[in-house]
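A.B. asks: Shown below is the structure under consideration.
The values are calculated or read from the model by the stated rules, or taken from the named source; none is laboratory data. Note that the structure is a prediction, hence the values are computed from the model and not measured. No Cβ is skipped: glycine too gets one built from the backbone with ideal geometry, and neighbour counts run over all protein chains shown. Side chains are part of the model used for accessible areas, which takes the heavy atoms of the whole protein and leaves out ligands, DNA and RNA. Shrake-Rupley method; radii C 1.70, N 1.55, O 1.52, S 1.80 Å.
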Amino acid sequence: MQAMTKPPRPWLPLLALAAFAVHLAVSVPVTLARSARAARRMVDTRGETPSESRARTFGPGYVKAIEEIRRAIPLDGAYLLINGHPGEEEGGPLWVKFDLAPRRAVYLGNLRDLGNVDRLRRRMPRAARWVVIVYGDYATPTLIERHRFVDQLRDQPRGERHGS
């Protein structure tokens, strides 16, 4: 018994070639435009200092606040980091921690979830004299002395703790 062979399909390679040509026709102009924008941005920002670059990217208020916090907390110091933004999925605390490195951050979680003030005070490491509260990605972080923060927290009912 002889094996049956399928008839050749001469149009299949041509179809693949046509699909590849369409892909190139669509993607090459988009890629060239994106590359031109990146090159233009590179030329426009040449000679920019790191501080100017950060201000352009994150906003001048954020950069100014980070610089003030850097001056207040020594390089080998520690601070308490709190997410003051009501949204759970914000990356603000991570960006602030990165920008304040090598200072050690002790993350306490969300402001509204801190719980009992006396228990919180006992959880706070003594080396962390400062509290940094972050209110969202690139929003201006707040620096407050630890004892003042605890006093304000004690005066505020737990249900009213939120960032804004």
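A.B. asks: Under a 1.4 angstrom probe, counting protein chains only, how are H147, H85, H23 ranked by accessible area, largest first?
C.D. replies: H147, H23, H85
A.B. asks: Tell me the GluC sites (Glu not before Pro) within the range 9-87 that lie in a loop according to DSSP and have at most 12 other beta-carbon atoms within 10 Å.
C.D. replies: Answer in residue order: E48.
A.B. asks: I would also like to ask the following. Each residue of the range 13-29 in order: what ³J(HN,Hα) in whole Hz does its phi give by Karplus 6.51 cos²θ - 1.76 cosθ + 1.60, θ = phi - 60°, with x for Gly and Pro?
C.D. replies: x, 5, 5, 5, 5, 5, 5, 5, 5, 5, 4, 5, 4, 8, 7, 4, x
A.B. asks: Return the label of the correct value of Cα extents along the principal axes in Å, as calculated from the structure shown, out of (i) 89, 55, 30; (ii) 62, 26, 25; (iii) 88, 38, 23.
C.D. replies: (i)
A.B. asks: Run the dipole for the chain about the Cα centre, Lys and Arg Cβ at +1, Asp and Glu Cβ at -1, nothing else charged, and hand back the magnitude in debye, nearest 20.
C.D. replies: The dipole magnitude comes to about 340 debye.
A.B. asks: Can you give the net charge of the other residues whose Cβ lies under 12 Å from the Cβ of D76, counting K and R as +1 and D and E as -1?
C.D. replies: Result for the neighbourhood of D76: +2.
A.B. asks: Which far-off residues, 5 or more places away or on another chain, put their amide H under 5 Å from the one on G77, with H placed in the peptide plane?
C.D. replies: Distant-sequence amide H within range of G77: R104.
A.B. asks: Quick one: length gained pulling V30 to T140 fully straight, 0.36 nm per residue minus the C-alpha distance?
C.D. replies: That works out to 36.0 nm of additional length.
A.B. asks: A further question follows. Show me 130-139, 113-122 ranked by packing, highest mean number of other Cβ atoms within 10 Å first.
C.D. replies: 130-139, 113-122
A.B. asks: Now a separate question. With a cut-off of 8 Å between alpha carbons and a minimum separation of six or more residues, what is the relative contact order of the chain in percent?
C.D. replies: 23
A.B. asks: Hey, another quick one. Pull out a ≥ b ≥ c, the square roots of the eigenvalues of the alpha-carbon gyration tensor of the range 66-147, then state rounded if a/c is under 1.5, prolate if not and a/b is larger than b/c, and oblate in the remaining case.
C.D. replies: oblate
A.B. asks: Here's something else I'd like to know. Given labels modelled 7 Å from the Cα in the Cβ direction, how far is it in nm from D155 to R70?
C.D. replies: Result: 3.2 nm between the two label points.
A.B. asks: Same structure, new question: With a 1.4 Å probe and all protein chains in place, put K97, K6, K64 in order of accessible area, largest first.
C.D. replies: K6, K64, K97
A.B. asks: Work from the charge dipole of the chain (Cβ charges, +1 for Lys and Arg, -1 for Asp and Glu, about the Cα centre) and give the residue of Y135, G61, L17 farthest towards its positive end.
C.D. replies: After comparing all options, I get L17.
A.B. asks: Enumerate the calculated ³J(HN,Hα) couplings along the range 56-61 in order (Karplus 6.51 cos²θ - 1.76 cosθ + 1.60, θ = phi - 60°), each rounded to whole Hz, writing x wherever the residue is Gly or Pro.
C.D. replies: Per residue, the Karplus-derived 3J(HN,Hα) values read 5, 7, 9, x, x, x Hz.
A.B. asks: Springs between alpha-carbon atoms under 10 Å, Gaussian network over the chain: tell me which of V106, V150, V43 tops the mean-square fluctuations.
C.D. replies: Comparing V106, V150, V43 in a Gaussian network model of the chain, the most mobile one is V43.
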